[in-house]
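Input: a single structure, listed below in structure tokens.
Derivation of every value follows stated rules applied to the coordinates shown; laboratory data play no part. Note that the coordinates shown come from a computational prediction; the quantities given were computed from them, not determined experimentally. Ideal geometry is used to build each Cβ from the backbone, glycine not excepted, and the neighbour counts take in all protein chains shown.
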Amino acid sequence: MNKAEAIQIANDSLQANVLNEGNTQFSQVVRYGNDEGWWLNIPLTNFRKENHFLICSEKAKIIRHLMIKANNILSPATKFRVKDGIADIFISSANPKRLTDVLQGGSKYSFNKHLVDEHRY
């Protein structure tokens, strides 16, 4: 699975061309220490605009579509671990229903309220 394929699957499921290369980040499950999950790296300035994220699990054959509306997360630098103006976020796939950032230095922010849909493929 790559970003273009994930965007196509999500847009087909939504029956609209909402997602594109410019407004969407894509992440697949990767190993991080003793855990597996998805990395999101979001420039702090991007929190001022709408962001879409497609997090893919090849094993489960599912793509989760997250959307953060413009200015929905105020003061993101206080909620996430930040390095060089970019919020580093790691969502563990151990419990995909929680969709919580588990990195040290963050506030354990839950992305559940930003879940738009789950697309099976």
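Which is the longest part of the chain that has none of the trypsin sites (Lys or Arg not before Pro) sitting in a DSSP loop with at most 15 other Cβ atoms within 10 Å? After excluding every exposed loop site, the longest remaining stretch is 1-48.
Please rank TYR109, TYR121, fewest neighbouring Cβ atoms within 10 Å first, as an exposure proxy. Walk me through the numbers on the way to the answer.
Numbers: TYR109 19, TYR121 15.
Taking fewest neighbouring Cβ atoms as first place, the list is TYR121, TYR109.
The phi-based Karplus calculation (6.51 cos²θ - 1.76 cosθ + 1.60; θ = phi - 60°) puts the 3J(HN,Hα) values of the range 52-65 at 10, 9, 10, 10, 10, 10, 4, 4, 8, 6, 9, 10, 9, 9 Hz, whole numbers, x for Gly and Pro.
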